[in-house]
Every structure is written in C-alpha cells, then in structure tokens.
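Report on the following structure.
Just so you know, all these numbers are worked out from the coordinates, no wet-lab data involved. Computed from a prediction, not measured in an experiment: that's the story for all the values here. Here the Cβ is made from the backbone with ideal geometry for all residues, glycine too, and neighbour counts use every protein chain on show.
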Amino acid sequence: MPLAAPGILLVDNSPSFARMVATRVGERLGLPVTVAGTLAEAQRHLLDPGRYFLALTGLVLADADSDAILDYFAGTGVPTVVVSGVYDDEVRQRVLGRNIVDCVLKNTPDSVDYLVWLARRLERNRHIAALVVDDSQAARALATSMLKLYGFDVLEAADGESALRVIASNPRVRMLITDFEMPGMNGLELVRRIRALHARDHLAIIGVSGSDSQSLVAQFLKNGANDFLHKPWSREEFFCRVSQNVDNLELIGTLHDLATRDFLTGLPNRRHFFDRGVQMFSGARKQGLVVAMLDIDHFKHVNDTYGHDVGDIAIQAVAGAVTRHARAQDLPARFGGEEFVLIAPGLSADEAVASLERLRASIEATCIPLPDGRHITVTVSIGVCLSGESLSAMMSEADRCLYVAKASGRNRVEVRLPVDCPG
C-alpha cells in the first residue's frame, strides 16, 4: 500500500479558526490537515514520523504556555509556523530566536491567504535541491540550517570547482547561494561559469557578501545572479528572497508550459513539437529516426454519439497511452484535434513496427470510463515513416501512410520502409 502524502498539523484553541484554515488549505492545495486543540494532542500526532511536513501552532493552549509551545515545536524537526493573535516586537523576537519558520498574525484579513501560500511553498520546497557555496564552514552551516528549515534538500560546497561538480551531478539543484570571497574561483566567476550552462529561468542564484562595496551588487546581477544578500542577513529577509526567487522559477515554468504544452492532454503542442523535432532530426543522422502519425478512428462518431466532453475524455485516454509508451528520448505531441505525432530515434525498422503495434494494441485494449458510469473503447490508425530528407518530408510520408491505414480498414499500422530495408 502506498504511503499517504505528508500533511499539515494545525494546533489552535479556536475551533472556528482551525476549521477555516483547514477548509481553505484543503480546497486550494488538496493537502490533508489534522487539527489538534492542545499540546498533548499535538504530541500524540507527532509520534508518527514523516506524517507532517508542516506544523501551524498558536501560542495560547489550555495545557501549555507560549515558551513551552515554542520550545517543543522548535525541537520536533518539523518546520513550524506560529499563528498568533498578538504580534509585537517582543513576540517576534521570542519566535525568531528559535527554530521557527515564521510568525503570522491571525487576525489580519489576508492571514489565511498567506498561510495557504506558505504551506504551498514549503510543500514544494521538499522537491527542490539547494546548493550553498561558501569557504566558511560557519556561514555554510547557517545558510544550510535556514534552507533545511524551509524544507529544501540542501547540498554544500566549499569552493567554486566543487560547486560546479555538484551541479553537474545533481539536476535537482534549482537554487544556489554563493559567497563572493572564496579561494581560487570567486563568486562572480562561479556565476559566470554556471550561466554558460544554466539559464536564469532554470537555476536561481543569490550572491552574498559582507563587503561594503557598492558596485558588488551590480556586478553579481550583471554576471547572471538573480538576487543579492548582504551579510549578516536577517532570517526574514533570507526567507523572503529565497521564496521570491523560487516562486519566479515556478512562474516562468508555468508560462513555458502554457506556451509549449497542450492544455487538454499535457503533451507538447504543435509549436513545441516542430521546435524540438527539427533539432532531433538534425542530431539523429547516424542513429536514424522514426516519425509516426496517429489518428483516433471514427472520432466524429464519438463526439456525435456521446458529446464533446466524452470526446475530450477519449483524447486524454489516448494521450495517456502515448505518454506511457514513449521512451525518455522520444518526443510525443498532440498535433491537433484527434491527431498525435511521435518521434522516436534509434529504432530499427523491425523495432519501430513492433513498438507501434504494441501502442496500437494498448489503445485498443484501453477501457475509457465515462462520467455516467458507462465505458467506451477507441482504436487508432498509425502511419509511419522510417527515413526522409527532412522532418517535413518524413511527416508528409507518415501522413500519407496514415491515410492508407484509414483506407485499409483502420486500427492498423502502415509503414513506409526505407529503400534499402528488406522489409
């Protein structure tokens, strides 16, 4: 049985506030929220390791004072946010003097929205690796402890060369924090070398330094850093800048997906297919390339009989089968309407035919559930080209083969073999 996804523990003496937060988090994030009204109850829930990635706690509970609450949660290892009815400088210092992520004033109009954002940010941070580069062990330890508190998987490097090796071996690194003054390669040179390989929209870089040089910030930014922090930095500023840069990476990724992916199926769209496909064709001269065009048979009948909503469900089901069938090096895409395209490098003629026959059979065997409890099945016709002078020429030939497959009875694979292939 798969393990349940980690959730949120909400500890508060106000049932109405707890219900409001739990409902909002559940609706917006789809994350499980467990509510506890006392510290003892919270302690029982936290006996289950790994069950929670975040705790939200008030400072007024029936069985503990605020210092006991802060001390307990600071020692659990679970990132904790204090939600307080009072937030003055004294409370702020007491909270941020411990291993606590943040303190939120619960009575402001946007406090629940902020908590939802914070929960989303900390949940997503669990899937991101961050790299801290600094020759000072104490400085690395401080930044590392803060990033771990915010949920990141943190890696460390003591110099620029080590940092480059870590990045090369760990593609999950999306955030890098580098000091300026380091032996050998300084922070500016490290940023320049990283930017030669990784764009700003893939890897966020924050430069840090204790120098008073007024030009250093501009130098970091001009050489490719996304942001800059002066040492010594405050915990709140550190968290805000890190979160803002990771948010920006995700926003850019979302915009990229909107531009390159089909909304209905999640597959690459026609535009992205041509951009990437031309590159694949140019790079596959030696190993060869297969281009296949797929079309759902009698799709107009599906729409006319069941409606366009069911037609969309059928398209999604076929897209899912194509996605599962494609290898990591393949490029599947939705070409338009009920038509799909697939580029597969490095297959022989026999391998290509066998692979596409398996895809055709898997789609035919797929039982597609409808909202009203009924099920339908669909079939596809596939046209295949194994060689050509250009991607456009191969697609034209694959499309011609698709037409032949349709005319020959549908639910079949039609292949144009290369001239030198014995067939």
How large are Rg and Dmax for the chain when only the alpha carbon atoms are used, in Å? 27.6, 83
Suppose a student asked you for the relative contact order of the chain, using Cα pairs under 8 Å spaced at least 6 residues apart; what percent would you report? 8
Once R0 is set to 30 Å, what does the formula 1/(1 + (r/R0)^6) return for the Cβ-Cβ distance between Ser408 and Thr254, expressed as a FRET efficiency to the nearest 0.05? 0.10
Go ahead and run the numbers for FRET between Arg270 and Leu221, Cβ-Cβ distance against an R0 of 56 Å, rounding to 0.05. 0.95
With 0.36 nm assigned to each residue of separation and the Cα-Cα distance removed, Arg358 to Ser282 gains 24.6 nm
Please say if the stretch 232-324 is rounded, prolate or oblate, where rounded means a/c under 1.5 for a ≥ b ≥ c the square roots of the C-alpha gyration tensor eigenvalues, and otherwise the choice is prolate for a/b larger than b/c and oblate otherwise? oblate
Under the rule a/c < 1.5 gives rounded, and otherwise a/b versus b/c splits prolate from oblate, where does the stretch 1-69 land using the Cα gyration tensor? oblate
So what J values fall out for the stretch 183-200 if you push phi through Karplus, 6.51 cos²θ - 1.76 cosθ + 1.60 with θ = phi - 60°, rounded to Hz, Gly and Pro as x? x, x, 9, 7, x, 5, 5, 4, 4, 4, 5, 5, 5, 5, 10, 10, 6, 4
How much net charge surrounds Tyr306 when only the other residues with a Cβ under 14 Å from the Cβ of Tyr306 are counted, with Lys and Arg +1 and Asp and Glu -1? -3
Given the DSSP H assignment, sum -39500 (n - 2.57) over each helix run of at least 4 residues in the chain and divide by its residue total; what's the result at 222 nm in deg cm²/dmol, nearest 500? -14500 deg cm²/dmol
As I understand it, the value is the acute angle between the Cα axis of helix 349-364 and the longest principal axis of the Cα atoms of the chain; what does it come to in degrees, rounded to 10? 70
What order do you get for 106-116, 339-349, 223-233, 289-299 when each peptide is scored by the mean count of other beta carbon atoms within 10 Å, highest first? 289-299, 339-349, 223-233, 106-116
Under Karplus coefficients 6.51, -1.76 and 1.60, residue-wise ³J(HN,Hα) of the stretch 237-247 in Hz, glycine/proline x: 5, 4, 4, 5, 5, 4, 5, 4, 5, 5, 4
Return one number: the angle in degrees, 0 to 90 and rounded to the nearest 10, between the long axis of the Cα atoms of helix 137-149 and the longest principal axis of the Cα atoms of the chain. 70
First measure r as the distance between the Cβ atoms of Asn303 and Gln43, then evaluate 1/(1 + (r/R0)^6) with R0 = 41 Å and state the FRET efficiency to the nearest 0.05. 0.10
So how tilted is helix 391-407 from the main axis of the chain? Cα-based, degrees 0 to 90, rounded to 10. 60
